Amino acid sequence: MALFDLPLDELSEYRSTSAAPDDFDAFWSKTLQEARAHDLGARFEPVDAGLSTVDVYDVTFAGFGGHPVKGWLRLPAGTTEPLPLVVEFVGYGGGRGLAHENLLWASTGRAHFTMDTRGQGSAWGGGGGTPDPVGGGPAYPGFMTRGIDAPENYYYRRVYTDAVRAVEAARSHPLTDAARTVALGASQGGGITIAVGGLVPDLVAVAPDVPFLCDFPRATTLTDRHPYREIALFLKTHRGRSADVQQTLSYFDGVHFAARGRAPALFSAALEDQTCPPSTVFAAFNSWAHGDKTIEVYDFNDHEGGGPYHEAAKARWLRSYV
């Protein structure tokens, strides 16, 4: 599809109409406090992945509600000293994959932690292994409207909490350097990265690519592509609940986490992206609080964004920080 959103000069100035709830910070402080009442209990079990250049550990830690969450920790083979740490979050429907996948960041000489996303991992990739044991009210198929009746029940409250705990778990390993931690991810992983960037105060850098979960008021009315479409289809059935749904979503909007971002950031956006429209990405980027921020724009790409080209750009950019 050709360009369908705002022109680039307007994107650079665009601001979301989403308003942060008055108790946004208190809500997240209480949520994380409750999660930390459970022992993190991070376990790292070596895995024979048949690799000679990378060592892999099967990780389990306590996320939201103390629920077990899986992950992979990959280290350059033979590591003996703490390394800079890259924590990665995955896209919608995907899971942590298989032990031998996703070797880029360990191959750059960094520790690499990939978090499994609870309840997901069955739509693409190598799969996942983290259930979501929490029930919810009526929802449209998918994850976007699970527990959308109230912020306390919403699915992404659990996911964002898991993500913060994933950083804590990865940092607890003796061969990772907690003081040199980066968060990154694409699409849903990018949206989770932005949330972590607003909730974890001491990251050295974040890199959200074509991020999802940003500027819900615009996203849900601009694109008819899934996953945002799940919300519209829920409201098509549950007439008259739009204001309540948007109120719940305001606690999870990347725009408000971005306003609390305290690390240098490299964003990316694609101008033909109908899944995460560029204006929603720029809404988060323009709100990002830290002054050291850059956005790479891919003029003629859809949701694949910069792909391997942008991976190379991220690797170059990260050299300045870790």
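The values are calculated or read from the model by the stated rules, or taken from the named source; none is laboratory data. For clarity, every value in this text was computed on a predicted model and none was experimentally measured. Backbone-built Cβ (ideal geometry, glycine too); neighbour counts: all protein chains shown. Only protein heavy atoms, including side chains, enter the accessible area calculation; ligands, DNA and RNA are left aside. Shrake-Rupley method; radii C 1.70, N 1.55, O 1.52, S 1.80 Å.
Could you please let me know if Gly91 is closer than 17 Å to Ala207 by Cα and in a loop (DSSP other than H, G, I, E, B)?
It is true that Gly91 is closer than 17 Å to Ala207 by Cα and in a loop (DSSP other than H, G, I, E, B).
So the check is Cβ under 6 Å with 6+ separation or different chains; which pairs have a first residue in region 45-74 that's without any contact (Cβ under 8 Å) to a residue 40 or more places away in the chain and a second one that's of a type in the set (Gly, Ala, Ser) and open to solvent by 30 Å² or more (accessible area, probe 1.4 Å)?
Every condition considered, the pairs that remain are Asp55/Ala77.
Cβ-Cβ distance below 7 Å, separation of 6 or more or different chains: which pairs start in region 115-132 with a residue that is in a loop (DSSP other than H, G, I, E, B) and end on one that is open to solvent by 30 Å² or more (accessible area, probe 1.4 Å) and of a type in the set (A, V, I, L, M, F, W, C)?
Close Cβ pairs (under 7 Å, with a partner that is open to solvent by 30 Å² or more (accessible area, probe 1.4 Å) and of a type in the set (A, V, I, L, M, F, W, C)) amount to Gly126/Leu98.
So which pairs qualify, if the first residue must be in region 156-170 and aromatic (Phe, Trp, Tyr), the second must be part of a helix (DSSP H, G or I) and buried (at least 24 other Cβ atoms within 10 Å of the Cβ), the Cβ gap must be under 7 Å, and the two must be at least 6 apart or on different chains?
Taking only residues 6 or more apart or on different chains, the pairs are Tyr160/Ile192; Tyr160/Ala195.
Against the condition touching a Gly at 6+ places or on another chain (Cβ under 6 Å) and without any contact (Cβ under 8 Å) to a residue 24 or more places away in the chain, how does Gly147 come out, does it pass?
yes
If I filter region 58-75 down to residues being in contact with a helix residue (DSSP H, G or I) (Cβ under 8 Å, 6 or more places away or on another chain) and in a strand (DSSP E or B), which single residue comes out as farthest from Arg157 (Cα to Cα)?
Taking the candidates together, the pick is Leu75.
Does Glu81 satisfy the condition of being among the acidic types (Asp, Glu) and either assigned to a strand (DSSP E or B) or within 25 Å of Ala315 (Cα to Cα) (or both)?
yes
If you go through region 268-281 one residue at a time, how many are of a type outside the set (S, T, N, Q), under 20 Å from Thr17 (Cβ atoms) and either open to solvent by 10 Å² or more (accessible area, probe 1.4 Å) or within 16 Å of the chain's Cα centre (by Cα) (or both)?
Selection size over region 268-281: 3.
Of the residues Asp39, Asp25, Asp55, which single one is part of a helix (DSSP H, G or I) and open to solvent by 50 Å² or more (accessible area, probe 1.4 Å)?
Result of the check over Asp39, Asp25, Asp55: Asp25.
Please state which one of Val200, Val196 is under 25 Å from Ile231 (Cα atoms), among the β-branched types (Val, Ile, Thr) and in contact (Cβ under 8 Å) with a residue 12 or more places away in the chain.
Val196
Identify the residue in region 298-319 that is assigned to a loop (DSSP other than H, G, I, E, B) and in contact (Cβ under 8 Å) with a residue 12 or more places away in the chain and, among all such residues, is most open to solvent (accessible area, probe 1.4 Å).
My answer is Phe300.
Tell me, yes or no, whether region 233-245 has at least one residue that is modelled with pLDDT of 95 or more, surrounded by fewer than 21 Cβ atoms within 10 Å (Cβ to Cβ), within 20 Å of the chain's Cα centre (by Cα) and not basic (Lys, Arg).
Within region 233-245 (the criterion being modelled with pLDDT of 95 or more, surrounded by fewer than 21 Cβ atoms within 10 Å (Cβ to Cβ), within 20 Å of the chain's Cα centre (by Cα) and not basic (Lys, Arg)), the answer is no, since none of the residues qualifies.
Could you check Arg171 against (1) open to solvent by 10 Å² or more (accessible area, probe 1.4 Å); (2) of a type outside the set (A, V, I, L, M, F, W, C); (3) within 24 Å of Asn286 (Cβ to Cβ) and say which number it fails?
(3)
Return the residue satisfying two criteria in turn: it lies in region 177-190 and is open to solvent by less than 10 Å² (accessible area, probe 1.4 Å) and within 24 Å of Thr60 (Cβ to Cβ), and of such residues it is nearest to the chain's Cα centre (by Cα).
Taking the candidates together, the pick is Gly189.
Name the single residue, out of those in region 217-231 being without any contact (Cβ under 8 Å) to a residue 60 or more places away in the chain and within 18 Å of Ser16 (Cβ to Cβ), that is surrounded by the most Cβ atoms within 10 Å (Cβ to Cβ).
It comes out as Thr220.
If I ask for residues that are closer than 18 Å to Leu184 by Cβ and either open to solvent by 20 Å² or more (accessible area, probe 1.4 Å) or modelled with pLDDT under 95 (or both), which ones from region 77-90 would you list?
Leu83, Glu88
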